[in-house]
Amino acid sequence: MNNQFHLVVPCFRESGRIGGFLPELCLAVQNLGGVRVQVVDDGSGADEAQRMGDIIDRLRSSHSCLLSLKVLSKNLGKGGAVYAGWAEHGGADWLAFVDADGSCSAAEVARLISMTHDRVTRDRMSNDTNALFASRVKMLGRRVERLFKRHLLGRIYATLVSEILDIPVYDSQCGLKIIPRRAYEQIKDRLSIHGFAFDVDLMVALLDSGCRIDEVPIDWKEMQGGTVRLMRDSWLMARDVMHIRACRTKFKSTN
Ligand SMILES: Nc1nc2c(ncn2[C@@H]2O[C@H](COP(=O)(O)OP(=O)(O)OP(=O)(O)O)[C@@H](O)[C@H]2O)c(=O)[nH]1
Ligand SMILES: [Mg+2]
């Protein structure tokens, strides 16, 4: 396995926020080499797509790692946007996504990508590599700034996910994940959730296929302008987790 990355930034009406983060991200990953960045506009409408396209065209003149904007004709949800981007991986060894708001900084994205270099060297003999899920762990040595309300709801959701699915995950929802493409190819036909619980669906399918996942504590800073509506989306996500559990039971009984 070499170290080519296809990093998707899923965007729903993000032209107001991405202008700060995207140049930093391109700079950070360009220094690493081997990373292509693809912004996917998740059916945000014609005006928004035009604004995003302008921002990206401007940046592409100075950042060769940035691909042209992919525009989805209708809104698929965050997972749908990530998977649409990953479908254009161009043979990359790793698939990744990061949220557009810069909550996870460009430096943190680069740090996690660099971690895979060590792992590839270590795992070359076994030809087998772990996925990396960033995790917002409030712990000594890390800086996680989140509103108390969001932190609390996040902890409740994570605990439910871990209990309902019997998977000891700390934070399934963090907006930075890196997956070996080979592992993704094996499970992609099984994935059915395109909304905010898609990370849980992805995690379950990866683990069931035998792919190991490491959770990596990162620095995280909540940004203004978040679009997740806490009560409504938490309910939808809980419903999706029950659906994932039912599908998993069915999948295991037929495979
Ligand atoms: N709300 C929403 N976001 C989407 C959609 N498709 C892609 N996204 C992207 O999903 C990412 C996460 O959304 P955010 O608005 O940052 O979510 P948030 O409210 O800040 O929640 P956290 O980041 O988890 O604290 C962003 O990059 C969005 O642009 C969609 O259909 N709806
Ligand atoms: Mg956010």
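The values are calculated or read from the model by the stated rules, or taken from the named source; none is laboratory data. For clarity, every value in this text was computed on a predicted model and none was experimentally measured. Every residue, glycine among them, receives a Cβ derived from its backbone with ideal geometry; neighbour counts consider all protein chains shown. We work out accessible area using only protein heavy atoms, side chains counted, and drop any ligands, DNA or RNA first. Shrake-Rupley method; radii C 1.70, N 1.55, O 1.52, S 1.80 Å.
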Tally of residues being without any contact (Cβ under 8 Å) to a residue 24 or more places away in the chain and either more than 16 Å from ligand 1 (Cβ to nearest atom) or surrounded by 15 or more Cβ atoms within 10 Å (Cβ to Cβ) (or both) across the range 202-231: 2
How do the pairs read when you match residues in the range 1-29 that are near ligand 1 (Cβ under 10 Å from one of its atoms) with residues anywhere that are open to solvent by 10 Å² or more (accessible area, probe 1.4 Å) and of a type in the set (Ser, Thr, Tyr), using Cβ under 6 Å and keeping only pairs 6 or more apart or on different chains? PHE12/SER44; ARG13/SER44
Go through (1) open to solvent by less than 60 Å² (accessible area, probe 1.4 Å); (2) away from ligand 1 (no atom under 15 Å from the Cβ); (3) at pLDDT 95 or above for GLY175 and report which single condition fails. (2)
Filter the range 103-119 for residues that are open to solvent by 30 Å² or more (accessible area, probe 1.4 Å) and among the polar types (S, T, N, Q); the one that is farthest from ligand 2 (Cβ to nearest atom) is SER114
Can you report the number of residues in the range 30-42 which are without any contact (Cβ under 8 Å) to a residue 40 or more places away in the chain and away from ligand 1 (no atom under 16 Å from the Cβ)? 3
With the structure loaded, tell me whether SER234 is touching a residue at least 60 places away in the same chain (Cβ under 8 Å), of a type in the set (S, T, N, Q), open to solvent by 30 Å² or more (accessible area, probe 1.4 Å) and not in a strand (DSSP E or B) or whether it fails that test. yes
Only one of (1) small (Gly, Ala, Ser); (2) within 15 Å of ligand 2 (Cβ to nearest atom); (3) modelled with pLDDT of 95 or more does not apply to ALA205, and that is (2)
For the range 159-172, how many residues meet the condition of being farther than 25 Å from GLY85 by Cβ and open to solvent by less than 20 Å² (accessible area, probe 1.4 Å)? 2
